[in-house]
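Student: Quick one: this structure, given as structure tokens, is what I'll be asking you about.
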Amino acid sequence: MNRSAPILSLTLALGLLAGGARAAAPATATAQLVNGTGASIGSVLLTEGPGGVLIELEATGLTPGWHGVHLHETGVCAADGFKSAGGHMGHHEGVGHGLLSPNGPEAGDLPNLYSTDGTAHVQLFSDKVTLDPAKAGPGRLLIRDGAVIIHAAKDDQLTAPIGGAGARVACGVLKLN
């Protein structure tokens with residue numbers, strides 16, 4: 001009688017169970033940031049979490065100070081001052097602009113970033129967007145397309161349409177992975 005056959009079968013079964021128990025990798029999206037001349041100045045990584053999306057942004061070549069950051073509805077970063085990226089994700093009648101708006105925020109509204117020396121390394125979080133179609137619904141906009149925009153100045157998080165954040169100085173087209 002071959003005693004190794006049951007042990008081998010048990011080992012294979014446990015291996016299959018362990019492999020099947022692994023959690024699927026979270027959904028991600030990336031963007032390469034460019035400035036107004038089209039030069040690459042950084043990157044963005046969006047990672048789906050249980051309650052929203054973590055946004056990791058790195059950039060160089062910014063002016064020191066505060067900068068508004070938004071998710072925009074169209075994944076185009078043309079040399080038109082990045083107006084081709086359209087408005088904020090989730091902008092529609094009845095929704096206010098900014099994280100402090102009593103009627104907001106729009107899905108694309110994010111916290112500001114601060115740069116002391118022209119570089120930025122920041123993690124932002126939004127519970128208003130998702131990369132996972134199963135999590136989309138009222139209050140969670142599915143990102144299918146879009147862009148990340150960095151503005152020249154601070155967003156006051158209240159005043160429509162962009163909180164006084166000024167010109168669009170960097171843009172990155174989101175690519176779902």
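The values are calculated or read from the model by the stated rules, or taken from the named source; none is laboratory data. Treat the numbers as computed from the prediction; the structure is a model and nothing was measured. We place every Cβ from the backbone using ideal geometry, glycine too, and count neighbours over all the protein chains shown.
Student: Would it be correct to say that His72 is surrounded by 13 or more Cβ atoms within 10 Å (Cβ to Cβ) and out of contact with any Leu (no Cβ under 7 Å at 6 or more places or on another chain)?
Tutor: Answer is yes for this residue.
Student: Which residue pairs have Cβ atoms closer than 8 Å, lie 6 or more positions apart in sequence or on different chains, and pair a first residue in the range 44-73 that is touching a residue at least 40 places away in the same chain (Cβ under 8 Å) and over 30 Å from Ala23 (Cα atoms) with a second residue that is of a type in the set (Asp, Glu) and surrounded by 15 or more Cβ atoms within 10 Å (Cβ to Cβ)?
Tutor: Close Cβ pairs satisfying both conditions: Gly68/Asp155; Val69/Asp155; His70/Asp109; His70/Asp155; Glu73/Asp145.
Student: Still on this model: Taking the criterion of being farther than 17 Å from Leu33 by Cβ, in contact with a Lys or Arg (Cβ under 6 Å, 6 or more places away or on another chain) and assigned to a loop (DSSP other than H, G, I, E, B), would at least one residue in the range 103-126 satisfy it?
Tutor: Yes, because at least one residue in the range 103-126 is farther than 17 Å from Leu33 by Cβ, in contact with a Lys or Arg (Cβ under 6 Å, 6 or more places away or on another chain) and assigned to a loop (DSSP other than H, G, I, E, B).
Student: Name every residue in the range 76-119 that is under 16 Å from Gly146 (Cα atoms) and buried (at least 22 other Cβ atoms within 10 Å of the Cβ), in order of residue number.
Tutor: Within the range 76-119, Cys77, Phe82, Ala85, His88, Met89, Glu106, Ala107, Gly108, Asp109, Leu110 meet the criteria.
Student: Within the range 1-69, considering only strands (runs of 3 or more DSSP E) that don't extend past its boundaries, which have at least 2 residues that are of a type in the set (A, V, I, L, M, F, W, C), modelled with pLDDT of 95 or more and closer than 20 Å to His151 by Cα?
Tutor: The strands (runs of 3 or more DSSP E) meeting that bar are 28-35, 40-49, 52-59.
Student: On the given criteria, is Ala85 at pLDDT below 95 and of a type in the set (Gly, Ala, Ser)?
Tutor: Values: at pLDDT below 95: no; of a type in the set (Gly, Ala, Ser): yes.
Spelling it out, it is not the case that Ala85 is at pLDDT below 95 and of a type in the set (Gly, Ala, Ser).
Student: Any residue in the range 127-154 that is surrounded by 20 or more Cβ atoms within 10 Å (Cβ to Cβ) sitting within a Cβ distance under 8 Å of a residue that is in a loop (DSSP other than H, G, I, E, B) and of a type in the set (Ser, Thr, Tyr)? List the pairs, counting only those 6 or more apart or interchain.
Tutor: Listed pairs, sorted by first residue: Gly146/Thr74; Ala147/Thr74.
Student: Failed condition for Leu62, given (1) farther than 30 Å from Gly137 by Cβ; (2) surrounded by fewer than 16 Cβ atoms within 10 Å (Cβ to Cβ), with all others met?
Tutor: In the conditions (1) farther than 30 Å from Gly137 by Cβ; (2) surrounded by fewer than 16 Cβ atoms within 10 Å (Cβ to Cβ), Leu62 misses (2) alone.
Student: Right, something else. Taking the condition of being closer than 24 Å to Leu131 by Cβ, over 12 Å from the mean Cα position of the chain (by Cα) and of a type in the set (A, V, I, L, M), how many residues in the range 49-67 meet it?
Tutor: Of the residues in that region, 1 qualify.
Student: Taking the range 131-159 on its own, how many of its residues are within 15 Å of His72 (Cα to Cα), touching a Gly at 6+ places or on another chain (Cβ under 8 Å), part of a loop (DSSP other than H, G, I, E, B) and not charged (D, E, K, R)?
Tutor: Within the range 131-159, residues that are within 15 Å of His72 (Cα to Cα), touching a Gly at 6+ places or on another chain (Cβ under 8 Å), part of a loop (DSSP other than H, G, I, E, B) and not charged (D, E, K, R) number 1.
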